[in-house]
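The values are calculated or read from the model by the stated rules, or taken from the named source; none is laboratory data. Small disclaimer: the values here were computed from a predicted structure and weren't measured. Cβ atoms come from the backbone with ideal geometry, glycine included; neighbour counts cover every protein chain shown. Just so you know, the surface numbers come from the protein's heavy atoms only, side chains and all, with ligands and any DNA or RNA stripped out. Shrake-Rupley method; radii C 1.70, N 1.55, O 1.52, S 1.80 Å.
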Amino acid sequence: MKRALFLCLSLLAPALPACAQTVVDGSDKAASPFVKNTLKSLAAKFPETHPRFRKISTHKTNDKQIICGEISLEDSKNPGNTSFMPFGATEGEENPLVFEDRTIPSALDFREVNSWINRGADLEDLEEMGCVPEGSYRKYSDHLNTVLQHRKTSS
């Protein structure tokens, strides 16, 4: 009987979604339910990239808990090519923010401008949460403005 139950469970296991998170530095020890739920949410948001986490910290601002950390998303086109990106979430908000730190090209097509501006807004929110160093948004914004002054127009 136990064998049949084990066989049934092992056949069903691959059909169940896997939302395991790996915290590579152990910074999730004694994590609150909010932290655990945030990590599960991020893992579910990027299931194909096998997210890994590190540098998880929490603090309170205006009686709300905030989680900060870094997430690594494995590049499916280049396995082994991973980089850690800052993330943050505020208690009561549904979606955690993840900032992909990509180098701003020296020239931007007009159609790409909004995505770079939106990325900056995410960085600003992370800075307000205390998840990235103060001045990160200003540095990003200044660089983006310099590039936009010399942007190419689409033809």
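So the values come out like this:
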{"item": "Residues of region 106-134 classified as at pLDDT 90 or above, out of contact with any strand residue (DSSP E or B) (no Cβ under 7 Å at 6 or more places or on another chain) and in a loop (DSSP other than H, G, I, E, B), total", "result": "2"}
{"item": "Qualifying residue in region 72-83 (condition: touching a His at 6+ places or on another chain (Cβ under 6 Å), modelled with pLDDT of 80 or more and not in a loop (DSSP other than H, G, I, E, B))", "result": "no"}
{"item": "Test: residue in region 135-143 that is open to solvent by less than 60 Å² (accessible area, probe 1.4 Å), within 16 Å of residue 65 (Cα to Cα) and touching a strand residue (DSSP E or B) at 6+ places or on another chain (Cβ under 9 Å)", "result": "no"}
{"item": "Residue check, residue 57 buried (at least 16 other Cβ atoms within 10 Å of the Cβ) and more than 30 Å from residue 149 (Cα to Cα)", "result": "no"}
